[in-house]
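The structure appears below as structure tokens.
The values are calculated or read from the model by the stated rules, or taken from the named source; none is laboratory data. Please read these numbers as outputs of a predicted model, since none were measured by experiment. Reconstructed Cβ throughout: ideal geometry from the backbone, glycine too, with neighbour counts over all protein chains shown.
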Amino acid sequence: MRRFLNLPAVDLIFALVSFSAAFTVLILILSTILVLYNESSLAIHRFGLLNFIFTVDWDPVKEVFGAAASLYGTLITTVLALSIAIPVSIGIAIFLTEISPHLLRTPIGIAIEMLAAIPSIIYGMWGLFTLAPIMADYIEPALQKVFGDIPLIGKLFEGTPMGVDLLTASIILSIMITPFIASISRDAFNLTPDLVKESAYALGATKWEVIRDVVIPYSKLGVYGGIVLALGRALGETMAVAFVLGNKHQITISLLDAAATITVTLANEFTEADTDIYLSSLFYLALILFVLSFTVLAVAKFFLLRAEKHYQR
Amino acid sequence: MDLKRRRKIQGQIALMLSTLAALSGLFWLVFIIFDVLRHGITALNLDLFLEDPAPPGVPGGGLRNAFVGHFLITSVATIIGVPIGVLGGTFIAEYARGTKFARLVSVLSDIMVSVPSIVVGTFIYAILVKPFGHFSGWAGATALAFIMIPVVLRTTEDMLKLVPWTLREAAFALGASYFHVIKDVVYRAAATGILTGIILAIARVSGETAPLLFTSFNNSYFTLDMSEPMASLTVTIFNYAMGPYEDWHEKAWAAAFIITVGILIITLITRSIIQWRYKN
């Protein structure tokens, strides 16, 4: 505070104005939590927290609302998308830092980042009109043929392939989050000192061994940060999955079945909510999503800050 | 000898898989863009920009209302969001540099950049739609501004921190007040960076759909009145693509084409400006 008191008047005014602008961020976060909490208080009192989370029913007619189906859909799509995206994006990062000729690094890097600039509604629409039919006609029947007769795993691919299901949504989501993990991992890989890599080469390590035993361990904090950031993004992604998930409140073992996520429920039902408790339950879902993704993103930021400190040493 | 060969083969397989991963990334990009171009170009025509939508199921008409609405909402969001973002970034990079408050705002903004945009929509609905009893263009613009503020704030902070401290000291030594140093020296040195950051932020929010779904909603009529529900390209894409008519799907592709091409071109240009300005 002391540093501001002996500033000239014009400075004092500018400092005050810009301070209130910076303070706006804090106000926005706080008021988001307070407003969402206030709007969902009706549902919170009626259903409680644990009861709401573990109730599968979502029935506007009987006015019984539970988040279990939406949370389940969010969880499955996120986990599936991450398990596809993590190996692919780390492969991309390895390619960009260690394999690719220097001339190609920048253009391919930019091309991958362009994937992140495409608006999510384009992904969703493309998923509905292009990917879903391909999935329904070719990929899903093929999966059923290969895995259908295996016990347990076969259950994952039961049902009629429609293309509008958990699997298609997860694939679109994985394409969307790949650039985040890839570009952060690439930046982290690039920070590995050449000296350390050259020492490993001098011991006779192959290129892959250097990547596996030197580069990846050295940059793991950055990679974790990228993965958790992508997790946070995937949790809250709306339009890319809204087209191809079908918005059906059910817990299904088959990946070839329609489902709902928190975001898809909000996008489809918010303007249709005709009773107070219905709207309040939707606000409750939004509050849970906000707290969830805020926490995940805070963890990601923690990793990235730790990584930054680590590299400065 | 055998071990040596095994290590070599193992390495080659791993590197091949990485190359395949990079190719798959490129494959999706080309696939998506090609598809949007292919469907979009055939659906483009002049009526799209000059006519309002025909009644549902009737072919013809255009999306003039959505183009104008989209432009208005994004412009108002820019007018609200950019000054707050730039000023806030200035405060934490200059007056409050190194303080705990600056760190807190910086970290929280970073988190807010990735917070689900649909939650922003529900928040704005609660404070700007519910009390007034109807959707409005203002609410949509506020929701987009909410998303813009942390993005612009963080780029401004980063760009101001790139300006060497000695430059400020030189100006201080001439007797300039901090306000004049910021206005005439720091902003001037960081102008390209801040401007490109702002343009990238505008490009980003202009592709947003989720925060507009229940703030500006939609409107099948042409309007310039921001206090009414207002059509936007992205929400129109959502409604038309989910709708039953072939004609609607074509219009959705055309709108998708315009948005994708616009955003990709803007992003490419600004990225190359940044690279040209800061890498050399």
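Could you list all residues from the stretch B:1-43 that are among the polar types (S, T, N, Q) and at the interface with chain A (Cβ under 7 Å from one of its Cβ atoms)?
The answer is B:Q10, B:S18, B:T19, B:S24.
In the stretch B:83-179, which helices (runs of 4 or more DSSP H) lie fully inside it and hold 2 or more residues that are within 7 Å of chain A (Cβ to nearest Cβ)?
The helices (runs of 4 or more DSSP H) meeting that bar are B:100-114, B:117-124, B:137-162.
Going residue by residue through the stretch A:59-73, is there one that turns out to be within 13 Å of A:F283 (Cα to Cα) and exposed (fewer than 13 other Cβ atoms within 10 Å of the Cβ)?
Checked the stretch A:59-73: no residue is within 13 Å of A:F283 (Cα to Cα) and exposed (fewer than 13 other Cβ atoms within 10 Å of the Cβ).
Among the residues of the stretch A:7-30, write down those that are in a helix (DSSP H, G or I), more than 38 Å from the chain's Cα centre (by Cα) and of a type outside the set (G, A, S).
Passing the criteria: A:V10, A:D11, A:L12, A:I13, A:F14.
Take the stretch A:54-78 and flag every residue that is without any contact (Cβ under 8 Å) to a residue 24 or more places away in the chain and in a helix (DSSP H, G or I).
Answer for the stretch A:54-78, where residues must be without any contact (Cβ under 8 Å) to a residue 24 or more places away in the chain and in a helix (DSSP H, G or I): A:F54, A:L75.
Conditions tested, residue by residue: (1) within 21 Å of the chain's Cα centre (by Cα); (2) more than 14 Å from A:S70 (Cβ to Cβ); (3) away from every other protein chain (no Cβ under 13 Å).
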{"site": "A:L221", "(1), (2), (3)": "yes, yes, yes"}
{"site": "A:G236", "(1), (2), (3)": "yes, no, no"}
{"site": "A:G246", "(1), (2), (3)": "yes, no, no"}
{"site": "A:I251", "(1), (2), (3)": "yes, no, yes"}
{"site": "A:I277", "(1), (2), (3)": "no, yes, yes"}
{"site": "A:I288", "(1), (2), (3)": "yes, no, no"}
{"site": "A:H310", "(1), (2), (3)": "no, yes, yes"}
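I'd like to verify a number: residues in the stretch B:153-194 that are more than 21 Å from A:L28 (Cβ to Cβ) and under 14 Å from the mean Cα position of the chain (by Cα), how many?
Residues meeting the conditions: 0.
Can you say whether B:T270 is crowded, with 22+ Cβ neighbours inside 10 Å and either touching a residue at least 24 places away in the same chain (Cβ under 8 Å) or among the acidic types (D, E) (or both), as far as the supplied structure shows?
Here the answer is no, as B:T270 does not meet what is asked.
Tell me, which residue of the stretch A:33-67 that is of a type outside the set (D, E) and touching a His at 6+ places or on another chain (Cβ under 9 Å) is nearest to B:V115 (Cα to Cα)?
Checking each candidate, the answer is A:G66.
Residues B:L15, B:L20, B:L26: which one is within 30 Å of the chain's Cα centre (by Cα) and assigned to a helix (DSSP H, G or I)?
Just a single option satisfies the conditions, and that option is B:L26.
So if I check each of A:I86, A:I112, A:I118, A:I94, which one is under 18 Å from A:I171 (Cα atoms), in contact (Cβ under 8 Å) with a residue 24 or more places away in the chain and at the interface with another protein chain (Cβ under 10 Å from one of its Cβ atoms)?
The match here is A:I112.
Would you check if A:T130 is away from every other protein chain (no Cβ under 14 Å) and among the polar types (S, T, N, Q)?
Judged against the criteria, A:T130 is not a match.
Output the residue which, of all residues in the stretch B:52-75 that are surrounded by fewer than 17 Cβ atoms within 10 Å (Cβ to Cβ) and under 21 Å from the mean Cα position of the chain (by Cα), is farthest from B:T234 (Cα to Cα).
Only one residue fits best here, namely B:S75.
From the list B:T122, B:T166, exactly one residue is in the same structural domain as B:S272 (by TED's automatic domain parsing) and in contact (Cβ under 8 Å) with a residue 12 or more places away in the chain. Which is it?
B:T122
Taking A:I76 as meeting all but one of (1) away from chain B (no Cβ under 12 Å); (2) surrounded by fewer than 14 Cβ atoms within 10 Å (Cβ to Cβ), write down the number of the exception.
The one condition A:I76 does not meet is (2).
Tell me, yes or no, whether the stretch B:225-232 has at least one residue that is in contact with a strand residue (DSSP E or B) (Cβ under 9 Å, 6 or more places away or on another chain) and outside any helix (DSSP H, G or I).
Scanning the stretch B:225-232, I find at least one residue that is in contact with a strand residue (DSSP E or B) (Cβ under 9 Å, 6 or more places away or on another chain) and outside any helix (DSSP H, G or I), so the answer is yes.
Would you call B:G243 more than 11 Å from every other protein chain (Cβ to nearest Cβ), surrounded by 24 or more Cβ atoms within 10 Å (Cβ to Cβ) and more than 16 Å from B:I73 (Cα to Cα)?
It is false that B:G243 is more than 11 Å from every other protein chain (Cβ to nearest Cβ), surrounded by 24 or more Cβ atoms within 10 Å (Cβ to Cβ) and more than 16 Å from B:I73 (Cα to Cα).
Identify, by number, the condition in (1) out of contact with any Leu (no Cβ under 6 Å at 6 or more places or on another chain); (2) within 11 Å of chain B (Cβ to nearest Cβ); (3) buried (at least 21 other Cβ atoms within 10 Å of the Cβ) that A:I13 doesn't meet.
A:I13 satisfies all of (1) out of contact with any Leu (no Cβ under 6 Å at 6 or more places or on another chain); (2) within 11 Å of chain B (Cβ to nearest Cβ); (3) buried (at least 21 other Cβ atoms within 10 Å of the Cβ) except (3).
Inside the stretch B:143-161, can you point out the residues that are surrounded by fewer than 19 Cβ atoms within 10 Å (Cβ to Cβ) and more than 25 Å from A:V10 (Cα to Cα)?
none
For B:F49, all conditions in the list (1) touching a Lys or Arg at 6+ places or on another chain (Cβ under 7 Å); (2) free of Cβ contacts under 8 Å to residues at least 60 places away in the same chain; (3) within 14 Å of chain A (Cβ to nearest Cβ) hold save one; what is the number of the exception?
That leaves (3) as the condition not met.
When you go through A:S31, A:S89, A:S100, A:S41 one by one, which is the residue that is out of contact with any strand residue (DSSP E or B) (no Cβ under 6 Å at 6 or more places or on another chain) and within 30 Å of B:I92 (Cα to Cα)?
After ruling out the rest, the residue left standing is A:S31.
Checking A:L152 against (1) without any contact (Cβ under 8 Å) to a residue 60 or more places away in the chain; (2) at negative phi; (3) not β-branched (V, I, T), which single condition isn't satisfied?
(2)
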